[in-house]
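> The following block contains the structure, expressed as structure tokens.
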Amino acid sequence: MLHVENLTVSIGDKRILRGLDLDVRPGEVHAIMGPNGSGKSTFAHALAGREGYDVGGTATLDGADLLEMEPEERAAAGVFMGFQYPVEIPGVNNMYFLRTALNSVRQARGEDEVSAREFLEVAKRAMQLVDMNPDFLQRSVNAGFSGGEKKRNEILQMAVMEPRLAVLDETDSGLDIDALKVVASGVHALRGPERSMVVITHYQRLLEYITPDFVHVLVDGRIVESGDSSLALHLDDHGYAQFLAVAPGDEQRSLAATRS
Amino acid sequence: MTSQSPVIEELLDGSYEYGFSTDLDTDIAPPGLNEDVVRLISAKKGEPEWLLEWRLKAFAAWQAMDEPDWAKLDIEPIDYQSISYWAAPKPKPTLDSMDDVDPEIREMFDKLGIPLHEQKMLSNVAIDAVVDSVSVTTTFKATLAEAGVIFCSFSEAVREHPDLVREHLGSVVPFRDNYFAALNSAVFSDGSFCYIPTGVRCPMELSTYFRINSQNTGQFERTLIVAEDDSYVSYLEGCTAPMRDENQLHAAVVELVAKDRATIKYSTVQNWYPGDDNGVGGIYNFVTKRGRAHTDAKISWTQVETGSAITWKYPSVILQGDRSVGEFYSVALSNKRQQADTGTKMVHIGADTSSTVISKGISAGHGRNTYRGLVKMLRSADNARNYTQCDSLLIGKECAANTIPYIEVKNPTGQVEHEASTSTVGEDQLYYCRQRGMTEEDAMAMIVNGFCREVFGELPMEFAVEAQRLLSVSLEGSVG
């Protein structure tokens with residue numbers, strides 16, 4: 001379903017991704033772990049279509065070339081990104097935002113728009129998933145939300161948008177354990193045979209609640225190790241140091257590691 | 001904001017949607033201004049002697065005045081002698097119904113999306129349509145007459161209700177008030193008059209669409225609204241103008257009188273031609289708007305200003321009576337080379353008076369937006385309160401916003417609160433919306449409309465929708 005091959009990303013003179021390969025089949029959940037600065041978030045934004053990235057290589061969803069598309073076209077194709085730092089939009093209520101988003105992708109796909117009433121049903125169901133108070137819908141998008149509320153709002157949006165591919169960028173960061181459980185159970189409930197997920201995280205913690213099919217270790221812009229969910233546990237015990245030492249493409253650091 | 005994407009610039013490049021010109025057979029005076037021209041205008045309109053005298057006094061006062069230069073505006077010198085002060089569509093017999101209105105004029109209003117057909121969209125709104133200087137049609141007169149409400153052109157009011165006009169004309173904005181008010185008083189051509197009798201709640205919203213149609217004619221309207229004790233009126237003023245190469249001067253005066261316990265709600269959507277990308281053309285909008293609120297009365301100004309090359313406008317309230325209330329809700333957008341210096345004056349005279357000011361300034365392109373507001377509490381104003389909130393939104397890096405509050409409190413019991421903020425429409429906001437499937441244009445419109453929500457909430461429903469659309473059109477390339 002998602003096919004990524006030799007993906008490179010530079011921002012200005014800085015090379016962030018140095019040839020990333022990844023294949024995700026329908027229904028699979030892949031976790032991507034790695035130390036700070038390894039390129040995890042850049043990978044997510046490269047899939048979502050952030051401007052200012054110099055992107056090379058291939059990324060296709062169901063055979064369609066994502067890299068040729070505008071962000072909104074990718075959304076219509078079924079890409080959803082859960083933001084690490086959800087953006088505040090003062091004065092725009094959450095419900096209006098969500099309905100506009102849903103109808104935008106429906107319109108792009110040639111489907112009918114949902115009426116206000118239909119939407120309310122969809123939203124209600126989604127809100128139960130993330131244990132949200134209904135007055136949430138009337139508040140401005142993310143404005144004045146706590147960290148936990150923002151992340152739950154991302155999962156709520158995912159539930160409403162029903163994407164083909166969900167890319168969750170450090171959805172667990174800044175969450176206390178209760179919020180983490182709510183988010184994880186929301187994610188779990190949205191797993192399905194036709195939906196794939198790429199879950200980006202710094203810690204193993206989230207993966208206690210979301211058992212991924214595969215775990216990949218991203219270091220210096222490349223996947224250096226892949227395995228099943230036990231790899232995450234291993235990382236938790238041993239950290240990323242072993243991978244940092246052997247990460248190719250950064251001779252100086254490798255050299256330094258060898259010396260020590 | 002560190003950089004502006006080409007896409008945003010493209011979005012801001014919406015060309016003027018209403019740039020067309022209708023060919024009406026116009027009766028126009030030669031350019032120039034002197035006492036004879038003032039007499040000509042008065043004679044053309046068949047005015048009584050007292051009004052001519054008032055005009056001449058105003059003209060004399062104007063001649064002795066200097067143009068104001070304190071606003072943060074770059075204004076090309078205006079040659080007042082090159083302007084024609086009188087233009088009227090050819091006189092026509094009095095119209096009995098909408099069907100008698102010139103089809104060309106009706107077509108023009110259709111293009112602007114203003115439905116003149118009574119039974120259609122605005123079934124609850126009376127429209128006094130002003131094309132250039134003469135009011136050509138007034139609807140819903142019968143319904144209003146039944147309630148005792150007078151709503152007619154200014155000229156008609158001078159003929160039919162001379163005592164009411166004479167009593168209130170210049171009572172809130174004297175002709176000596178300022179340069180442009182003096183000019184207007186000398187040469188005003190027409191406008192609207194509205195009178196709500198004691199205890200009457202006006203049965204419909206009153207609406208006037210002003211429109212500048214002839215080239216090189218300044219438009220100087222004069223609006224006078226008198227609300228007697230315990231009455232209520234909501235008045236809508238909407239403006240669009242065709243595209244022009246020459247700057248057109250527009251110096252209007254609006255006077256509101258709210259007597260004891262009366263409420264006047266005055267809403268404006270202003271979309272005059274802002275000039276092209278280089279600032280060529282466009283309307284100079286120098287307007288004096290002021291209301292006097294008597295005991296327990298309330299005056300509320302709501303304005304959405306998206307047009308004009310230069311806007312110089314400070315709708316104000318004199319809170320004269322005890323417990324009177326003044327409100328000012330404003331959205332001002334400056335795009336391309338537009339400049340706006342706008343705000344309000346709240347003058348507290350009575351005890352327990354209160355005023356609220358909510359100003360939303362949006363600057364895009366090379367636009368310059370200045371909020372200038374005065375809150376003045378006189379010694380007599382015990383326990384007066386003011387709350388002011390000024391928010392500026394910047395789109396791109398070439399624009400500018402200023403907030404200039406003046407606060408004068410002479411009574412120690414007065415309370416003044418002022419809040420100000422400046423924010424930008426960020427790439428991250430646009431990206432977030434686009435990741436959720438919205439086009440960049442829709443995202444921009446949503447963000448800007450969200451910023452203005454408090455003000456739009458004050459507009460009557462149909463007007464709020466129109467204002468949102470106007471704001472989107474002014475910001476985006478979504479033409480036609």
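> Write down the radius of gyration of the stretch A:30-85 and its Dmax, each obtained from C-alpha positions, in Å.
Radius of gyration, then largest Cα-Cα span, for the stretch A:30-85: 11.6, 32 Å.
> While we're here: Given the pairs B:Lys298/B:Lys376; B:Lys57/B:Lys345; A:Lys151/B:Lys360; A:Lys40/B:Lys397, which span a C-alpha to C-alpha distance of over 22 angstrom in this model?
The answer is B:Lys57/B:Lys345; A:Lys151/B:Lys360; A:Lys40/B:Lys397.
> I've got another one for you. So which trypsin sites (Lys or Arg not before Pro) in the stretch B:385-477 are both in a DSSP loop and have at most 14 other Cβ atoms within 10 Å of their Cβ?
Those satisfying the criteria are B:Lys397, B:Lys410.
> What list of ³J(HN,Hα) values in whole Hz, one per residue of the stretch B:220-236 in order, does the Karplus curve 6.51 cos²θ - 1.76 cosθ + 1.60 (θ = phi - 60°) give from phi, with Gly and Pro shown as x?
10, 8, 9, 10, 10, 10, 10, 10, 6, 3, 6, 10, 9, 8, 10, 10, 10
> Which of the peptides A:75-87, A:124-136, A:45-57, B:360-372 is most tightly packed, and how do the rest follow, judged by the mean count of other Cβ atoms within 10 Å per residue?
B:360-372, A:75-87, A:45-57, A:124-136
> Buried accessible area for the B:A pair, summed, 1.4 Å probe, in Å² rounded to 100?
2100 Å²
> Further question on the same structure: Using the 2.2 N^0.38 Å rule of thumb for compact globular proteins, work out how chain A stacks up: its C-alpha Rg over that value, please.
Output field value: 1.02.
> Now a separate question. Put a dot 7 Å past each Cα toward the Cβ at B:Asp74 and B:Ile404; how far apart are the dots in nm?
Label at B:Ile404, label at B:Asp74, 1.7 nm between them.
> What chymotrypsin sites (Phe, Trp or Tyr not before Pro) does the stretch A:137-220 have in DSSP loop regions with at most 16 other beta carbons within 10 Å?
Sites meeting the loop and neighbour criteria: A:Tyr203, A:Tyr209.
> Helix A:94-108 sits at what angle to the longest principal axis of chain A, using alpha carbons and giving 0 to 90 degrees rounded to 10?
80 degrees
> Further, regarding this structure: Among the GluC sites (Glu not before Pro) within the stretch A:68-161, which fall in a DSSP loop and have no more than 15 other Cβ atoms within 10 Å of their own Cβ?
When the GluC sites (Glu not before Pro) of the stretch A:68-161 are filtered for loop state and at most 15 Cβ neighbours within 10 Å, A:Glu111, A:Glu113 remain.
> Please average, across the residues of A:66-73, the number of beta carbons from any other chain that are within 10 Å of each residue's own beta carbon, and give a whole number.
Rounded to a whole number, the mean comes out at 4.
> Across 5 Å bins from 0, what is the distribution of all Cα-Cα pair distances for the stretch B:372-480, in whole percents?
In order of increasing distance, the bins hold 2, 10, 15, 15, 16, 13, 10, 7, 6, 3, 2, 0 percent.
The values are calculated or read from the model by the stated rules, or taken from the named source; none is laboratory data. Owing to the predicted nature of the structure, the values given are computational and were not obtained by experimental measurement. Note that we place each Cβ from the backbone using ideal geometry, even for glycine, and neighbour counts take in every protein chain shown. All accessible areas refer to the heavy atoms of the entire protein, side chains included, with ligands and DNA or RNA removed. Shrake-Rupley method; radii C 1.70, N 1.55, O 1.52, S 1.80 Å.
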